[in-house]
Amino acid sequence: GGKKPLAGRTAIVTSGPTHEPIDPVRYIANRSSGRQGHAIAAALARLGAKVTLVSGPVTLPDPSGVTVVEVERADDMLQAVLAALPADIAVMVAAVADWRVATPNAEKIKKQPGEGPPPLMLTENPDILKTVGHHAKRPKVVVGFAAETQDVESNGRVKLQKKGADLIVANDVSPETGIMGGTRNSVKLITAAGIEEWPELSKEEVAGRLADWIAEKLT
Ligand code: C5P
């Protein structure tokens with residue numbers, strides 16, 4: 001112990017879900033506890049990196065030694081990430097909602113007798129990983145996650161290209177795996193060089209190994 005291979009390095013990590021408002025009391029969200037993202041922020045900090053953790057709403061404590069920026073919507077998450085550039089490392093772990101309600105209602109939407117449910121017009125959210133992966137101030141190491149329920153490998157490869165990432169950490173989040181919201185993770189690392197499969201590990205162990213991988217990549 002005691003080695004700080006990421007001393008002097010800066011990192012941005014996104015974690016948790018985003019909440020996209022429908023009206024002041026309702027929102028669209030993803031199933032994400034933030035456990036994996038928070039563990040990665042902590043692991044990078046332990047290796048000496050100066051970490052900004054941009055987190056959606058979670059019930060987890062702030063990891064120690066990390067600067068936490070709390071956001072709700074994808075748009076706010078993107079702004080917080082861009083504000084934290086330049087950085088050496090970006091690890092985008094947040095389960096960002098793909099869509100938001102185009103025009104959230106200023107007041108709580110009321111049930112209208114006889115009218116049925118209100119239609120929701122959705123619009124696409126910004127892709128934060130893709131924006132960072134193609135940014136003029138692109139960090140030296142850009143890592144994304146791919147939560148898939150099928151074709152984990154081929155979808156991960158496509159994502160690596162599209163997002164401009166150096167590494168996609170792909171996992172199978174089919175309900176029967178218990179990964180989403182759970183404490184363990186079973187991941188495949190997809191890079192331009194190929195694919196590497198890790199055994200089932202705790203999310204903390206995945207975070208530790210990933211931080212080591214990133215440190216290696218930067219030396
Ligand atoms: O395209 P997909 O959502 O499967 O990609 C997942 C990866 O992209 C994750 O690293 C996630 O944090 C990131 N992402 C993002 N902004 C979005 C959608 C996904 O940063 N709007």
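The values are calculated or read from the model by the stated rules, or taken from the named source; none is laboratory data. Quantities reported herein were computed from a predicted structural model and do not represent experimental measurements. Note that we place each Cβ from the backbone using ideal geometry, even for glycine, and neighbour counts take in every protein chain shown. Remember, those area values only see protein heavy atoms, side chains included, never the ligands or the DNA or RNA. Shrake-Rupley method; radii C 1.70, N 1.55, O 1.52, S 1.80 Å.
Among the residues of the range 82-96, are any open to solvent by 30 Å² or more (accessible area, probe 1.4 Å), away from the ligand (no atom under 16 Å from the Cβ) and modelled with pLDDT under 95? It would help to see each step written out before you state the result.
Kept after step one, since they are open to solvent by 30 Å² or more (accessible area, probe 1.4 Å), are these residues of the range 82-96: 82-83, 86, 96.
Still in the list and also away from the ligand (no atom under 16 Å from the Cβ): 86.
Those left that are additionally modelled with pLDDT under 95: none.
Looking for residues that are open to solvent by 30 Å² or more (accessible area, probe 1.4 Å), away from the ligand (no atom under 16 Å from the Cβ) and modelled with pLDDT under 95, one finds none in the range 82-96, hence no.
For the range 136-150, enumerate the residues that are open to solvent by 20 Å² or more (accessible area, probe 1.4 Å) and away from the ligand (no atom under 12 Å from the Cβ).
Selection gives Ala136, Lys137, Arg138, Lys140, Gln150.
Scan the range 83-99 and give yes if some residue there is assigned to a helix (DSSP H, G or I) and free of Cβ contacts under 8 Å to residues at least 60 places away in the same chain, otherwise no.
The answer is yes; a qualifying residue exists.
Going by the structure shown, is Val158 of a type outside the set (D, E, K, R) and touching a helix residue (DSSP H, G or I) at 6+ places or on another chain (Cβ under 7 Å)? So that I can check it myself, show each step before the final result.
Details: of a type outside the set (D, E, K, R): yes; touching a helix residue (DSSP H, G or I) at 6+ places or on another chain (Cβ under 7 Å): no.
Criteria not met by Val158.
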